[in-house]
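S.K.: Below you'll find the structure I mean.
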Amino acid sequence: MKGTELKYDDLEGFLKGLIENKVIDALIMPHRVGNKVSYMLVREKNKIEPPASVIFAPSFGVNAANVIKGWMIDNKVGIVAKPCEIRAVIELIKLKQLNEESVLLITVDCSGAFKNEDYAEHYAEIGNLVDSAKIKELEGKGISIREACAICENRLADIGDIIIARVNGKVGVAGLTEMGVEALSAVGLLLEAKDLERKEEKERIVAEARKRLEELPKIDSVEALEEFLQDCILCKNCRDVCPVCYCKECFFDQPLGNPAGGDLLNLAELRGAIEVPANQLLYHLTRVYHVCTTCVACGACEDACPKSIPLTRFYPVLAQKVQEIFEYVPGRDVKEPLPFITYKEEELEERLR
Amino acid sequence: MEEEKGGFEPKIIGFTCNWCTYAGADLAGTSRKKYPPNIRLIRLMCSGRIDPMFVLKALLNGADGVFLGGCHPGECHYIKGNFYARRRIAALRTILKQFGLDNRVRSEWCSASEGDKFARIMKEMAEEIKQLGPNPMRDKIL
């Protein structure tokens with residue numbers, strides 16, 4: 001890959017340069033509101049805040065991909081976000097919910113994030129930038145990163161058009177695609193061959209993440225699933241915040257997926273009695289099937305659940321099992337077809353019966 | 001219930017394609033092959049029409065088993081409907097496996113000329129589901 005090394009403070013000039021040189025028409029990037037970190041859509045370059053203090057902030061509120069989902073525009077929008085969010089954008093491009101040409105994806109290294117409310121509450125201790133040692137130390141004090149982040153294997157920036165990596169007290173900026181390299185050149189950065197693979201660090205993260213995944217409580221029977229979902233009030237927040245849930249009309253808003261009135265009376269007659277609001281299991285099982293190949297395991301569903309159901313133990317965990325059988329990693333490559341729109345003539349027979 | 005006295009008779013819902021498996025079932029019938037009457041067939045135009053929600057709905061509403069049938073791979077009336085179906089079914093069964101429900105879902109490729117095979121599958125499946133016992137969803141309030 002081609003890239004260069006910058007000081008943390010140089011990032012501001014770089015992002016401003018993208019707008020100034022008309023590489024992009026707008027930029028979605030994190031910004032600070034008091035102790036909190038949320039996203040803003042910038043069109044005027046002087047509104048860009050010093051990025052070093054926000055773009056690496058270990059805070060997760062919404063998945064940035066959810067913000068631009070379905071924007072079929074001709075303009076070009078840059079997005080500075082964490083790997084899981086950029087992976088979701090790539091899935092949305094494949095799902096034809098975004099134009100590939102209308103986004104410039106800038107992925108930043110992530111070290112794991114706290115729920116945005118936890119981050120704001122403990123801002124004094126957490127700060128703008130953390131590393132794995134610091135995360136361990138905070139965990140000792142009872143301030144833990146999100147479960148989805150603890151089991152995340154893809155924390156290092158290695159996808160998108162441009163990556164911003166944290167190396168040795170500086171940042172490595174590199175272009176992964178033609179569009180990315182062009183953008184870097186357009187803001188006047190001198191590029192050289194740069195290796196930001198960081199294989200060893202990646203292996204360490206994967207090993208740690210798998211260990212944490214093993215430790216998660218398992219939902220391994222229908223009874224366990226019922227118990228797990230018993231507090232669900234069917235608000236469908238998990239669907240609304242999911243970056244890869246994109247149907248214009250959800251199956252669950254249609255009579256077939258969510259029977260009501262006479263249909264429900266008929267069902268109750270058949271079964272003797274049914275729980276109302278009805279169909280928690282059908283909703284979650286169908287939804288997990290719908291997102292099983294594209295779920296990027298960002299954990300936005302868990303954060304959004306008003307009943308604090310730890311949905312990370314359900315959606316990403318199940319989705320990963322399905323992704324394994326197709327050897328598919330969502331967001332890995334924009335050219336790789338989605339598993340359900342392709343096939344091999346001979347495959348999977350052992351999984352059918 | 002008489003079922004409980006006379007042994008458990010499973011209810012199996014079958015989704016079969018119009019061109020192969022449904023015709024195969026027809027052949028089994030017209031050639032007077034005997035098979036257990038546990039299956040309730042629903043005819044679709046193609047196995048590619050099987051929405052995994054159908055399977056989930058059947059299971060959650062108390063079906064003891066779900067049978068999915070289509071043309072042999074490579075012989076789909078619509079060229080590749082069953083290739084897509086195969087991927088969907090494999091994904092769905094992977095999810096169901098977590099909850100021990102996958103062995104209630106079985107899919108087979110059975111052509112219009114395979115009346116024998118259809119009858120044999122029905123016998124096997126009825127036997128398998130009997131061994132498994134009733135779907136735990138059956139008597140639940142959910």
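The values are calculated or read from the model by the stated rules, or taken from the named source; none is laboratory data. What you are looking at is a predicted structure, and each value in this text was computed from that prediction instead of being measured. So basically every Cβ, Gly included, is an ideal-geometry build from the backbone, and we count neighbours across all protein chains shown.
S.K.: Provide a single number: the residues in the stretch B:47-78 that are closer than 30 Å to B:K140 by Cα and not in a helix (DSSP H, G or I).
M.R.: 11
S.K.: So in the stretch A:326-341, with the set limited to residues that are at the interface with another protein chain (Cβ under 9 Å from one of its Cβ atoms) and out of contact with any Lys or Arg (no Cβ under 7 Å at 6 or more places or on another chain), which one is surrounded by the most Cβ atoms within 10 Å (Cβ to Cβ)?
M.R.: Here the answer is A:F326.
S.K.: Next question, about the same structure. Residues to consider are A:P310, A:P316; find the one that is in contact (Cβ under 8 Å) with a residue 12 or more places away in the chain and surrounded by fewer than 19 Cβ atoms within 10 Å (Cβ to Cβ).
M.R.: A:P310
Table: residues versus (1) in contact with a Phe, Trp or Tyr (Cβ under 8 Å, 6 or more places away or on another chain); (2) basic (K, R); (3) farther than 23 Å from A:D25 by Cα.
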{"residue": "A:A88", "(1), (2), (3)": "no, no, no"}
{"residue": "A:K96", "(1), (2), (3)": "no, yes, no"}
{"residue": "A:G112", "(1), (2), (3)": "no, no, yes"}
{"residue": "A:E125", "(1), (2), (3)": "no, no, yes"}
{"residue": "A:D131", "(1), (2), (3)": "no, no, yes"}
{"residue": "A:I143", "(1), (2), (3)": "yes, no, yes"}
{"residue": "A:R146", "(1), (2), (3)": "yes, yes, yes"}
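S.K.: For the subset of the stretch A:342-353 comprising residues that are touching a Lys or Arg at 6+ places or on another chain (Cβ under 9 Å) and in a helix (DSSP H, G or I), which member is nearest to the other protein chains (Cβ to nearest Cβ)?
M.R.: Among those that are touching a Lys or Arg at 6+ places or on another chain (Cβ under 9 Å) and in a helix (DSSP H, G or I), it is A:R351.
S.K.: Let me ask something else about it. When you look at A:E101, is it surrounded by fewer than 17 Cβ atoms within 10 Å (Cβ to Cβ), more than 24 Å from A:R210 (Cβ to Cβ) and modelled with pLDDT of 90 or more, yes or no?
M.R.: yes
S.K.: In the stretch A:191-241, which residue that is of a type in the set (G, A, S) and more than 14 Å from chain B (Cβ to nearest Cβ) is farthest from A:T107 (Cα to Cα)?
M.R.: My answer is A:A207.
S.K.: Which ones in the stretch B:93-116 are assigned to a loop (DSSP other than H, G, I, E, B), at the interface with chain A (Cβ under 9 Å from one of its Cβ atoms) and touching a residue at least 24 places away in the same chain (Cβ under 8 Å)?
M.R.: Hit for the stretch B:93-116 is B:L101, nothing else.
S.K.: Scan the stretch A:291-307 residue by residue and report those that are surrounded by fewer than 22 Cβ atoms within 10 Å (Cβ to Cβ) and outside any loop (DSSP other than H, G, I, E, B).
M.R.: Selection gives A:A304 alone.
S.K.: More than 7 Å from chain A (Cβ to nearest Cβ) and assigned to a helix (DSSP H, G or I), is that true of B:A90?
M.R.: No, not satisfied.
S.K.: Please report, ordered by residue number, the helices (runs of 4 or more DSSP H) entirely within the stretch A:221-284 with at least 3 residues that are free of Cβ contacts under 8 Å to residues at least 60 places away in the same chain.
M.R.: On the way: elements: A:222-228, A:237-240, A:262-271.
Those helices (runs of 4 or more DSSP H) span A:222-228, A:262-271.
S.K.: Among the residues of the stretch B:48-68, how many are within 11 Å of another protein chain (Cβ to nearest Cβ) and either surrounded by fewer than 21 Cβ atoms within 10 Å (Cβ to Cβ) or touching a helix residue (DSSP H, G or I) at 6+ places or on another chain (Cβ under 8 Å) (or both)?
M.R.: Qualifying residue count, the stretch B:48-68: 14.
S.K.: Continuing with the same structure: Check off (1) farther than 28 Å from A:Y246 by Cβ; (2) assigned to a loop (DSSP other than H, G, I, E, B); (3) among the polar types (S, T, N, Q) for A:N75 and give me the number that stays unchecked.
M.R.: (1)
S.K.: Right, something else. Which of the residues spanning the stretch B:117-136 are more than 7 Å from chain A (Cβ to nearest Cβ) and either under 18 Å from A:E223 (Cα atoms) or among the small types (G, A, S) (or both)? Spell out how you get there, then give the answer.
M.R.: Filtering the stretch B:117-136 for residues more than 7 Å from chain A (Cβ to nearest Cβ) gives B:117-135.
Hits for the stretch B:117-136 are B:A119, B:A126, B:L132, B:G133, B:P134, B:N135.
S.K.: So, of the residues in the stretch A:101-117 that are β-branched (V, I, T) and touching a helix residue (DSSP H, G or I) at 6+ places or on another chain (Cβ under 7 Å), which turns out to be farthest from A:E182 (Cα to Cα)?
M.R.: If we take residues in the stretch A:101-117 being β-branched (V, I, T) and touching a helix residue (DSSP H, G or I) at 6+ places or on another chain (Cβ under 7 Å), then A:T107 is farthest from A:E182 (Cα to Cα).
S.K.: If you go through the stretch A:16-35 one residue at a time, do you hit one that is in contact with a Pro (Cβ under 9 Å, 6 or more places away or on another chain) and surrounded by fewer than 18 Cβ atoms within 10 Å (Cβ to Cβ)?
M.R.: No, the conditions are met nowhere in the stretch A:16-35.
S.K.: Determine which member of the set A:A88, A:A120, A:A124, A:A52 is of a type in the set (A, V, I, L, M, F, W, C), assigned to a helix (DSSP H, G or I) and without any contact (Cβ under 8 Å) to a residue 12 or more places away in the chain.
M.R.: On the way: A:A88 fails: without any contact (Cβ under 8 Å) to a residue 12 or more places away in the chain; A:A120 fails: without any contact (Cβ under 8 Å) to a residue 12 or more places away in the chain; A:A52 fails: without any contact (Cβ under 8 Å) to a residue 12 or more places away in the chain.
So the residue among A:A88, A:A120, A:A124, A:A52 that is of a type in the set (A, V, I, L, M, F, W, C), assigned to a helix (DSSP H, G or I) and without any contact (Cβ under 8 Å) to a residue 12 or more places away in the chain is A:A124.
S.K.: Let me ask another. Given the condition among the β-branched types (V, I, T), within 11 Å of another protein chain (Cβ to nearest Cβ) and surrounded by fewer than 21 Cβ atoms within 10 Å (Cβ to Cβ), answer yes or no: does some residue in the stretch B:71-87 qualify?
M.R.: No, that holds for no residue.
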